[in-house]
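Reading through the structure tokens given below for one structure.
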Amino acid sequence: MSEDFFQGYKGIALELLKKFNVRVWGQAEIETTRGKFKGTILPRSENDDDTHIVLKIITGYNIGIDVDTVTNMIETGYKKANYKIPEKEFPYTEGLPKVKLIGTGGTIASRLDYRTGAVIPAFSPGELYGAVPELADICNLNTEKLFAVFSENMGPEQYKTLAIAIGKEIENGIDGIIIGHGTDTLHHTAAALTFMVQNSPIPIVLVGSQRSSDRPSSDAALNLMHAAYTAGHSDIAETMVCMFGPTSDEYGLLIGLLLEQ
Amino acid sequence: MKQKFDPKANYEATKNGIGYVPRKEATQKNYDEIGFMSGLEVHQQVDTEAKSFCRCPAGMFNSSDIYDAEIIRHMRPTLSELGEYDGTALMEFRTKKEIVYRIKNETACTYEVDDTPPFPLNREALEKAIVLALASKLNIVGEVHITRKQYLDGSIPTGFQRTAIIGVEGEIQLSNKKVRLIQLSLEEDSCREISDIGHRRVYKTDRLGMPLIETVTYPDMVNPDEVKEAANYIRFLNRSTGLVRTGIGAGREDVNVSCTGGTRVEIKGVAHNSWIPELTHNECYRQWALLNIKNILNSRGSVNTWKAISKFIDVNDYKSINNYINTNSLIAEKVMVILLPNFKGLLSHFTQPKKAFANEISDRLKVIACIEKPNMTNSEDLNNILDEKEITDIFTTINGNEETDAFVVLWGPESDMKTALETVEERCVMAFKGVPEETRKSFKDGTTIFERVLPGADRMYPDTDSAPIPVSSEYIDSLKSRLPIIVSERINQLKSWGIPSSYNTYILSKNLIGLVERIITELGYEPKFVASIIAGKFKSVEGRTNSESKFNYERLFDLFKFVKENNLDNGIINPMLKGVYKYPNLNFETIIENLKIKQYSKDGIIAEIKLLKEEFNKIGFSNNNKNMTDWIMGKMKRKITGSISLKELRTLIVKEI
């Protein structure tokens, strides 16, 4: 299998890279009508045009070079990017409640590849532990990715799958369940589950985040911690949603729907 | 018999030992010996209507206690692919600070609090930034990519600053060398800090999001004066385009300094260029001192076997500490002593004028453990808080050796003690390695204190909310016509007129070179005189008076013209300046009238001299002609202003006598 040396580049930009034999992840010196530029060639995003080449310069910033202005390019080095995330073990503590995190497709926590700027979702217990280490003080966490669907595309099929999975976990003796969910239809899924999972013996907490999890101001981590605490330690045995209260970091909210029979 | 240790003497001895000289006495040889190296990052607000990424107005400022809402945030660092946290991010996270933002409706919207994604980049800001980059001879990029730069101190609610490179690899021309520029970037300004006490920091959001350009130089400067010169040059350059904001807070410098074997330390937010020489000089020697401490420590033992030993003590057992805490009303829920083996003579080792190594520890206790100062004393405190007996007692209590060791006594809230111990240990371990990478805060006296761990270059990643912006060659060419005359040419022009360089700053920063030129060439005034009036006397009037309405510098041209056309003596200009500035609409005749200065003819003056001569003889002070001349001069000096010059007056008096 041949490697894609020109990740994301097409059209005129691709031709230029090929012409001068300069690859993505290569260190390049580029001469243009506007002067000299030096840096690492980065992959091109598929949504961007084919008339520019992206360079990461030594100070860490990215810039674009207009293909029309290039008079010469040479590759002076090459170091391919490695997206591997080091695995850390989620520490299990005797006496803490067992909580299962079911993933439906959103990004609950992320890690950043500073070299390329890629945002890599953290999902396995080890990855989540790396991103939100406080979880290990709250519960013993296991995770499972049930499906990967944008929340605006969720419907009865997904609700059914979720309900069955919840039932299975309860039979296995789990102490609490967290469901990671996109914010678009979090409330629909929660309402559906309230009807579908009746007389639950354990808390079932749907959780999302308003601000994306890669940014430092994200509410993702705190929401997750609140959800884990509720799932593991509370006696609220029903389906509920856990999100942030106000735009200020003051408190989280738990919202549930009680059914009268 | 045991020799009593004298911290102050040790301080002086170590100061001389490393070769510290005060800046005024330092020569290039001194700087070459320690390998002085410095680079600049000059920030300047761009003059635009709106902010960078939203439509809020730019340039409106609120007072700290007037706000419509307050919100609270806590910042969390994001792990990098190496499984590590960026050092600064980790430090900020450890402080567990609550960050409060005060918001005023007129100057902030939901973008500022990170509840709305960014609007497209402000085109007025982008255009002006490109012109500014062209003026610095930088290569303009083909496509502007917006990047996120993480800041966890809370100064930006999102936890990152959006910033983009506009140009790379340029240069500026100083008086005797060229300084290379790495890049110019366009970024959003941060919040203004209102207070930072304990675990709570409060900011206001009026300045947040305003467009800012940052010009970064290579570390090409080899002495403190060069750094100041470069900072001034860039300032003039930016101002000469007319595209930047002026006034307090519109511009600030970050200065990077290192010595041979040292590290790049960033002195952040230097508000006045005049502080730069002292700051860079002292920072370079501070690093030199830390390297000396490193050598001493390593000669005494390895860092691998070094360990601090701590113990809580009862403050009631130590009268001096008890008094000190009570007198200063300090929080001292717990008092801890920490033994630092092999640190004898190092806590009082010189690091900066009036500061020793112990200060480095105290600064970190405030920033990282959030314990307000004064937060500690030590076995070699220059402030002599503990007495001899107490020092010996404490050494005994902690099983330390008074001959080879040192200790720190710190106090504060119980909940901060764990972080405090970690902080002290961490700083002492760093001392074995040399100079820690830091961001430091500057003071007027030329010294600095620790502000945060230096952020890594890898805390940047592309802004996923913004698309790249292409910059075409045609667009750049159209902007080239907006470039001003190069600043170095202007400086040479002033020099060629014989104008002393001390006047340059005022003339260039106010963009008055055109005005000065017209007064010289169109009205025929002597250049040195014009400069001394405008950049000397008028500058001082401006500093001490308030103008009734906005002052237009063109009025100065009119003043010089008025004096020439009415054949008045030049000496009248100076006394008129105050009135000219204070009342911008008042005509010149009235200003002169108000000065109560009569116009004398030559005959009138001679008559006056004769009268005064008689008076002097009557009073009979002396028969000395010089005394008489001086006395008459004194009497007439002010009266003849505008009529004849002082030199002419003296000539007339001498003639009469």
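Taking each residue of B:134-144 in turn, how many C-beta atoms of other protein chains fall within 10 Å of its C-beta, and what is the average?
Rounded to a whole number, the mean comes out at 6.
Tally up the carbon and sulfur contribution to the accessible surface of the protein assembly as shown as a whole percent, 1.4 Å probe, everything protein left in place.
So the carbon and sulfur contribution to the accessible surface is 50 percent.
Percent of Cα-Cα pairs per 20 Å bin, from 0 to the last occupied bin, for chain B, please list those.
15, 39, 30, 14, 2
Rounded to the nearest 10 Å², what accessible area does residue B:201 have for a 1.4 Å probe in the complete protein model?
20
May I ask for log10 I(q)/I(0) of segment B:485-594 at q = 0.10, 0.17, 0.18 Å⁻¹, from a Debye sum over the Cα atoms as equal point scatterers with solvent left out?
The calculated log intensity ratios at q = 0.10, 0.17, 0.18 Å⁻¹ are -0.27, -0.79, -0.89.
Chains B and A: buried accessible surface, both sides, probe 1.4 Å, rounded to 100 Å²?
Summed over both sides, the interface buries about 4200 Å².
Expected output is a single nm value to one decimal: the length gained when fully extending between residue B:522 and residue B:537, i.e. 0.36 nm times separation in residues minus the C-alpha distance. What is it?
The span from residue B:522 to residue B:537 would gain 3.2 nm if fully extended.
Of B:151, B:67, which has the most accessible area and how do the rest follow, probe 1.4 Å?
B:67, B:151
Using a 1.4 angstrom probe on the protein heavy atoms only, line up B:529, B:119 by accessible area, largest first.
Largest to smallest exposure gives the sequence B:119, B:529.
Around residue A:162, under 14 Å between beta carbons, what's the net of Lys plus Arg minus Asp minus Glu among the other residues?
Taking every other residue near residue A:162 into account, the sum is +1.
Provide the FRET efficiency to the nearest 0.05 for the residue B:570-residue B:546 pair, computing r from the beta carbons and using R0 = 25 Å.
The calculated FRET efficiency here is 0.40.
Ranked from highest to lowest mean number of other Cβ atoms within 10 Å per residue, what is the order of the peptides B:209-218, A:54-63?
Listed from highest to lowest mean packing, they are B:209-218, A:54-63.
In degrees, nearest 10, range 0 to 90: what is the angle between the Cα axis of helix A:186-196 and the longest Cα principal axis of chain A?
30
For segment B:456-530, compute the orientation-averaged projected area of the C-alpha convex hull (one quarter of its surface), in nm².
Result: a mean projected hull area of 9.4 nm².
Using DSSP to call loops (not H, G, I, E or B), can you name the trypsin sites (Lys or Arg not before Pro) in segment B:241-318 whose Cβ has at most 13 other Cβ atoms within 10 angstrom?
B:307
Mind checking which lysines have their C-alpha under 30 Å from residue A:79, skipping anything on the same chain fewer than 8 residues away?
A:10, A:18, A:19, A:36, A:38, A:56, A:88, B:149
In segment B:182-199, which residues give up 30 Å² or more of accessible area once the other protein chains are added, compared with their chain alone (1.4 Å probe)?
Buried-area filter returns B:183.
Rounded to the nearest 500 deg cm²/dmol, what is the calculated helix-only ellipticity per residue at 222 nm for chain B, with -39500 (n - 2.57) per DSSP H run of length n ≥ 4?
-11500 deg cm²/dmol
Restricting to DSSP loop positions (anything but H, G, I, E, B) with no more than 12 other Cβ atoms inside 10 Å of their own Cβ, which chymotrypsin sites (Phe, Trp or Tyr not before Pro) remain in segment B:606-644?
B:621
Can you send over the solvent-accessible area of residue B:60, 1.4 Å probe, protein chains only, in Å² to the nearest 10?
Per-residue accessible area (residue B:60): approximately 80 Å².
Need the list of lysines near residue B:637 for cross-linking: C-alpha distance under 18 angstrom, and skip anything on the same chain fewer than eight residues off.
Within the straight-line limit of under 18 Å, residue B:637 reaches these lysines: B:596, B:598, B:602, B:610, B:613, B:626, B:647, B:655.
Please give every one of the aspartates and glutamates within straight-line cross-link reach of residue B:24, meaning a C-alpha to C-alpha distance under 19 Å, and leave out same-chain neighbours fewer than 8 residues apart.
Correct list for residue B:24: B:12, B:32, B:33, B:225, B:226, B:229, B:278, B:283, B:445.
With r defined as the distance between the Cβ atoms of residue B:622 and residue B:509 and R0 fixed at 51 Å, what FRET efficiency is calculated, to the nearest 0.05?
0.50
Residues of segment A:46-68 losing 40 Å² or more of accessible area relative to the isolated chain, 1.4 Å probe, heavy atoms only?
In segment A:46-68, residues shielded by partner chains: A:52, A:59, A:61, A:62, A:63, A:64.
Could you sort A:147, B:395 by their accessible area in this structure, using a 1.4 Å probe and putting the largest first?
Listed by decreasing accessible area, they come as A:147, B:395.
Hey, which of these cross-link pairs are over 23 Å Cα-Cα: B:334/B:366; B:268/B:510; B:564/B:639; B:366/B:441; B:528/B:564?
Over 23 Å Cα-Cα: B:268/B:510.
Between residue B:96 and residue B:396, what FRET efficiency comes out of the Förster formula 1/(1 + (r/R0)^6) with R0 = 35 Å and r the beta carbon distance, rounded to 0.05?
It comes out at approximately 0.50.
Send over a whole-number figure in Å² for the accessible area per residue of the protein assembly as shown, probe 1.4 Å.
That works out to 45 Å² per residue.
How much of the calculated P(r) for segment B:35-264 lies past 20 Å, in percent of all Cα pairs?
63
Tell me the mean residue ellipticity at 222 nm calculated for chain A from its helices only (DSSP H runs of n ≥ 4, each -39500 (n - 2.57), averaged over every residue, nearest 500).
The per-residue figure over chain A is -7000 deg cm²/dmol.
The values are calculated or read from the model by the stated rules, or taken from the named source; none is laboratory data. Because the structure is predicted, anything quoted here is derived from the model rather than measured. Here Cβ is always computed from backbone atoms with ideal geometry, including for glycine, and neighbour counts include all displayed protein chains. Just so you know, the surface numbers come from the protein's heavy atoms only, side chains and all, with ligands and any DNA or RNA stripped out. Shrake-Rupley method; radii C 1.70, N 1.55, O 1.52, S 1.80 Å.
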